[in-house]
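S.K.: Next up is a structure, given as structure tokens.
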Amino acid sequence: MILRILNYLKRPYPHLDMPWWKELLISCGVVFLLFVIFEPFGVDSSLGFYKWIFLGAYVLISAFCVELPRWLFPLLFGKEFVAEKNWTVGKNIFYNLFILLMIGIGIYLFMSIFFLPHGFRLSTFILIVWNTFLIGIFPVGLITVIIENRNMSRHAKEVAGMNRHLREGKTLVAEDSFPMKKIVLPDGLKDKFELEAEQLLLAESDGNYVKIVYEHDAKLSQRTLRMTMKQVEDAFAHCPFIQKCHRAFLVNLHRVENAKGNSQGYRLVMKGWSDEIPVSRAYNKEIRDKVEHLFRK
């Protein structure tokens, strides 16, 4: 049982794919509803109009605490810790527990200024933080499980359909699908690199450089060029099987062996390449449509 829980906590979990302000509004709306329903910390109807003033103060405190870890976690744990490729169910729960702790501390500080003139009291502090956890832990856990399961089921179904096309479909061999002319890629101001479109396996962006992985003499080779991903996209714009799948990756769909799905989205397994290539959620539908078009049954 413990092993199953630990394995579940290690499963990939998606970052919220929405603007920060929308996430903030939703979070504050949920906090407001929870305070209205449970009326904790003495905020009840007996306060009359002042109830809404206190609720507004608690929502503002919660808004600050919801945004705090967005900036604090990269500083404390590093950018790799919070990168979506490394984000898990366990990290997401920890992230939200941290928010609840900050909300509890914020509410205690607010109440100590206006209602608790006797200074710091550990018992009162623990009570307020504990009540905050009791109010928030159930919706946090429930939402986490629902989002993970829903995304996992949807992506697994979509990936299964893609893999059927990759396995059973016949690759288009029309001239516009297999342009044989050379693609010329700039390398800085003077140098150039030429290859045929079908030779490309993938391109990976790294700042001002792009790593080109391509087939040469029946083996995979690599070359790093001083150029932008936008320049690579423009160079292969006329090739329908060369598709951007992530802000940092562009792949040859003819060389996709299979696709995998988790709650974060898709990952592509390329022929002869050990690393799986991530697919951003913004490109999910485009990748599916291209695979279905290129690998017709």
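S.K.: Could you list L127, L100 so that the one with the fewest beta carbons within 10 Å of its beta carbon is first and the one with the most is last?
M.R.: Taking fewest neighbouring Cβ atoms as first place, the list is L127, L100.
S.K.: Using the Kyte-Doolittle scale, find the helices of the chain whose mean hydropathy is at least 1.6 and whose Cα atoms extend 24 Å or more along the helix's long axis, counting only whole DSSP H runs.
M.R.: For the chain, where a helix must reach 24 Å along its axis and average at least 1.6, the hits are 20-38, 89-114.
S.K.: Still on this model: Report, in deg cm²/dmol and to the nearest 500, the calculated mean residue ellipticity at 222 nm for the chain, where each DSSP H run with n ≥ 4 adds -39500 (n - 2.57) and the sum is divided by the residue count.
M.R.: Dividing the helical sum by the residues of the chain leaves -17000 deg cm²/dmol.
S.K.: List, in the order given, every pair from K79/K219; K182/K244; K79/K290; K10/K79; K85/K285 whose Cα-Cα distance in the structure shown is over 26 Å.
M.R.: K79/K219; K79/K290
S.K.: Going toward the positive end of the dipole of segment 169-296, with +1 on Lys and Arg Cβ and -1 on Asp and Glu Cβ, which of I183, I277, V232 do you reach last?
M.R.: Of the options given, the answer is I277.
S.K.: Can you list the aspartates and glutamates whose alpha carbon sits under 19 Å from that of K192, skipping same-chain ones fewer than 8 residues off?
M.R.: E204, D206, E215, E233, D234
S.K.: Using only Cα atoms, figure out Rg for the chain and give it as a multiple of 2.2 N^0.38 Å. Intermediate results must be reported in sequence, preceding the final value.
M.R.: Values: Rg = 25.6 Å, N = 297, 2.2 N^0.38 = 19.1 Å.
With N residues counted in the chain, Rg over 2.2 N^0.38 Å equals 1.34.
S.K.: Okay, next question. What is the distance in Å between the Cα centroid of segment 218-297 and that of segment 139-170?
M.R.: 19
S.K.: Would you mind giving the three semi-axes, in whole Å and largest first, of the ellipsoid equivalent to segment 2-153 according to its Cα gyration tensor? Write out the running numbers ahead of the final one.
M.R.: On the way: eigenvalues 182, 56, 47 Å².
Over the Cα atoms of segment 2-153, the ellipsoid semi-axes are 30, 17, 15 Å.
Here, each number is a calculation from the coordinates, and none is a lab measurement. Computed from a predicted structure; not experimentally measured. Note: ideal-geometry Cβ built from the backbone for every residue, glycine included; neighbour counts use all protein chains shown.
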